[in-house]
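First comes the structure, then the notes that go with it.
The values are calculated or read from the model by the stated rules, or taken from the named source; none is laboratory data. All values derive from a computational prediction rather than experimental measurement. Using ideal geometry, Cβ is built from the backbone for each residue, glycine included, and neighbour counts are taken over all protein chains shown. The accessibility values were calculated without ligands, DNA or RNA, using every heavy atom of the protein model including side chains. Shrake-Rupley method; radii C 1.70, N 1.55, O 1.52, S 1.80 Å.
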Amino acid sequence: MPQDMPPVGGYGPVQYKRNLPAPGFRPTTLLLGMGAIMVFGFYKLGQGIREQNELAREKMWSRIHLIPMLQAEEDRDLVRRHLADQAREKELLGENVKVYNSDRYVRPTYAVTPGSVTK
């Protein structure tokens, strides 16, 4: 019995690899998507920082504009205390005694002391 020989031109190629599509997105698609998300995140971060800076600037200017009013309120309180102190001195001493050697106004300093001391 004669031996079988291959056909003329040989056998066709044997497919031993599986041609399966890769799961998921291609790496370039993933990188572009992640880059777009990061760019958007940094954009929103920059907008938030700008907003915080603007709010801080507005807060500072509002405080600057309130300073004269607060100073005037404190001055009125000091004048009221000074006049009450002079009236008290006049009631106790009979006349206003100058305790300083000049007529220049000296801003008083008050120390808060406890009313009663407990041991």
Worksheet item: When residues of the range 1-51 are filtered for being aliphatic (A, V, I, L, M), open to solvent by 100 Å² or more (accessible area, probe 1.4 Å) and in a loop (DSSP other than H, G, I, E, B), how many remain?
Response: 5
Response to the item:
The lone condition Arg88 fails out of (1) at pLDDT below 80; (2) among the basic types (Lys, Arg); (3) surrounded by 10 or more Cβ atoms within 10 Å (Cβ to Cβ) is (1)
Discussion item. Taking the conditions exactly as written (open to solvent by 100 Å² or more (accessible area, probe 1.4 Å), of a type in the set (Lys, Arg) and either at pLDDT 95 or above or on the phi < 0 side of the Ramachandran plot (or both)), does Arg81 satisfy them or not?
Written reply: no
